[in-house]
Amino acid sequence: MTAIKRPALAAPPRDIDYIRIAEPAPVVLAYGIGVDSTALLVELESRGTPPDLVITGDPGVEKPETYAYQEMIASWMAARGIRYETVRYTPRRFKHWPPYYDLLANVLTNATLPSISLGRHSCSLKWKVAPQDAFLKDWAPAKAAWLRGQKVIRLIGYDASPADTRRYTHASTIANDLFECRYPLREWGWDRTACIARIEAAGLPVPPKSSCFICGAMKPGEVRALPAWCLRLIVLVEARAAPRLHTVEGLWRRSTSTRPGRMTDFIRAEELLPAADIDAIIRDAPAALIRFQDVAAHVPLPERPAMAEWLETFNAGFLKVA
């Protein structure tokens, strides 16, 4: 009997093999509105590789010219489709104090000085880095990257100068599970002069030096250049903190051969404000502020007036602060 030849069973169909291309990690530029980070932004855009997000942590007390530059560069980014976000630190607890939302109101509330004047350097971490991190932890592209096991690429504008080399040497030793920090200006060998030239070549003005106007790192020339309303707030900050200062004199910490420890004394000596105005602020403003805090303490938090309201009154008529 002849055996019946059965057709060979066809091999089971195979799934189509696809080459899986990993989604690139999102790129974020930490933008300080200064020369280095502006040069980095301009160069990346010109290369056709702009960051996915540009983000600024705003302490609320930058110099007026910095905020003017920020407004201009924000328009520049918008015209090129670059997403730009400005974020601020938001305190969660106010105890019995009026709510505050920037560095100036913070130091006035607590009768203290910015940390740099007390020998520490935590201002940037609290008022710039922390709010950026908080925003990114809720940013969809970042969360998606972390789910894929990637790190978000954070671009930092440290240049190749000796000063930034010292900053880089410290920063590069700090490990982070969420972010991979990169320093393109250093990779390109750009120093500050090269950064300025790049900004000018793009037809943009060079940014002013970024600094809070109550920062103890300001040079005397920077204080001279401040408008009167900023000078009055400097006097207020030092007058408010004075009763609690024991190891430092004021925003400049201690007197040297070139400047006093108190910016108020410098403002007086340089006649940047009338002496009568300085005296009135020192005499009346701290007491008026304390009265405001005492009244606010008895108001339920949802209706409690914020420190910014008192500051509006002070700025509108600093000789009538009561």
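What to note about this one:
- Scanning the range 151-199 for residues that are open to solvent by less than 40 Å² (accessible area, probe 1.4 Å) and basic (Lys, Arg) yields one hit, Arg154.
- Any chance Arg232 is open to solvent by 10 Å² or more (accessible area, probe 1.4 Å), within 22 Å of Ser117 (Cα to Cα) and either outside the structural domain of Thr90 (by the TED database) or assigned to a loop (DSSP other than H, G, I, E, B) (or both): yes
- Residues of the range 112-150 that turn out to be of a type in the set (Gly, Ala, Ser), more than 22 Å from the chain's Cα centre (by Cα) and either crowded, with 16+ Cβ neighbours inside 10 Å or closer than 16 Å to Tyr89 by Cα (or both), as a count: 1
- Checklist (1) in contact with a Phe, Trp or Tyr (Cβ under 8 Å, 6 or more places away or on another chain); (2) open to solvent by less than 50 Å² (accessible area, probe 1.4 Å) applied to Ala78, failing item: (2)
- The range 243-276, subset free of Cβ contacts under 8 Å to residues at least 24 places away in the same chain and either in a helix (DSSP H, G or I) or at positive phi (or both), residue most open to solvent (accessible area, probe 1.4 Å): Glu271
The values are calculated or read from the model by the stated rules, or taken from the named source; none is laboratory data. This structure is a prediction, so every number in the text was calculated from the model and none was measured. No Cβ is skipped: glycine too gets one built from the backbone with ideal geometry, and neighbour counts run over all protein chains shown. Keep in mind that these areas ignore ligands, DNA and RNA; they rest on the heavy atoms of the full protein, side chains included. Shrake-Rupley method; radii C 1.70, N 1.55, O 1.52, S 1.80 Å.
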